[in-house]
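Peer 1: One structure is given below, represented as structure tokens, and several questions about it will come after.
Read the figures in this text as sums done on the coordinates, not as results from a lab. In this text the structure is predicted, and so the values were computed from the model without any measurement. Here the Cβ is made from the backbone with ideal geometry for all residues, glycine too, and neighbour counts use every protein chain on show.
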Amino acid sequence: MQTLAKQVQEHAAGLPEGIPLVAKELLHLGSRAAVDQVLSRLVQRGTLLRAGRGIYVLPVESRFGTRAPSAAKMVEGLANQRGETIVSHGAAAANALGLTTQVPMRAVYLTSGPSRRLKLGAQMVEFRHAPTWPLIFPGRAAGEVVRALAWLGPEKAGEGIRKLRTKLSPSELKEIVSARSRLPTWVAQEISALVTHG
């Protein structure tokens, strides 16, 4: 019969890159205390990385050695696992849309879940709890626009809208405009410019 450590390693190896490993998903292998102990030992051996309290990930083996999994893949796995909405921060959205040349130094995400920090090797990934409106349209251009405008703020959002008007497809513009009732007044007013001039 396989040892618990071996079973946990095999389970972890079967997961796609970055999918978090949590003790509650391993209770079919042994008691909670035994699973916790094995996870702790596997971290000490370097077989697993502890991303945060009760959250572990398998390092990625490559020809250049081992590295932490990508933050984006871990975030996606965490969102699916916990049932949270997790989206990129407005600064990252603004950069991706070409509204700023500033590249965010840290990986920051907005979440419907609790604020927390997870460690992926040398990288710290920060999750900030956010109200519902900045989390709309996860994974879609319309949501990225809303988050970018929120980050730009009332002073610069109008300029951002003017730059984006030519980059967005009619369907994306329509989707953004359809969200006005769910947004703060100042954001809704800026987005209304897409209707009057678009």
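Peer 1: Just from the alpha-carbon atoms, what are the Rg and Dmax of the chain in angstroms?
Peer 2: In Å, with Rg to one decimal and Dmax whole: 20.5, 70.
Peer 1: Computed over the Cα atoms, what is the radius of gyration of region 4-67 divided by 2.2 N^0.38 Å, N being its residue count? Walk me through the numbers on the way to the answer.
Peer 2: On the way: Rg = 11.2 Å, N = 64, 2.2 N^0.38 = 10.7 Å.
Output field value: 1.05.
Peer 1: Return the tail of the calculated pair distribution for region 107-162, meaning the percent of Cα-Cα pairs more than 17 Å apart. Show your work: numbers first, answer last.
Peer 2: Details: 734 of 1540 pairs.
The proportion of pairs with Cα distances above 17 Å equals 48 percent.
Peer 1: Let me ask something else about it. Residues of region 1-45 with amide nitrogen under 18 Å from the 7 Å Cα-to-Cβ point of Lys73?
Peer 2: Inside the label zone: 9-22.
Peer 1: Now for a separate question. For region 43-132, what class follows from the C-alpha gyration tensor (a ≥ b ≥ c being the square roots of its eigenvalues): rounded when a/c is under 1.5, otherwise prolate if a/b is larger than b/c, else oblate?
Peer 2: Working: a/c = 2.38, a/b = 1.41, b/c = 1.69.
Oblate, because a/c is 1.5 or more while a/b does not exceed b/c.
Peer 1: To continue, here is another question. Quickly estimate the mean residue ellipticity at 222 nm for the chain, helices only: each DSSP H run with n ≥ 4 gives -39500 (n - 2.57), and the total goes over all residues, rounded to 500.
Peer 2: -14500 deg cm²/dmol
Peer 1: If you don't mind, another one. Taking the chain as the reference, fit the longest principal axis to its C-alpha atoms, fit the long axis of helix 4-13 to the helix C-alpha atoms, and give the angle between the two in degrees, 0 to 90, nearest 10.
Peer 2: With both axes taken from Cα atoms, the answer is about 30 degrees.
Peer 1: Please report the antiparallel percentage of the DSSP beta bridges confined to the chain, to the nearest 5.
Peer 2: DSSP beta bridges in the chain are roughly 75 percent antiparallel.
Peer 1: So, one more: Check Leu21: other-chain or 5+ apart residues with amide H under 5 Å from its amide H, H built from backbone geometry?
Peer 2: Residues meeting the amide H criterion: Tyr56, Val57.
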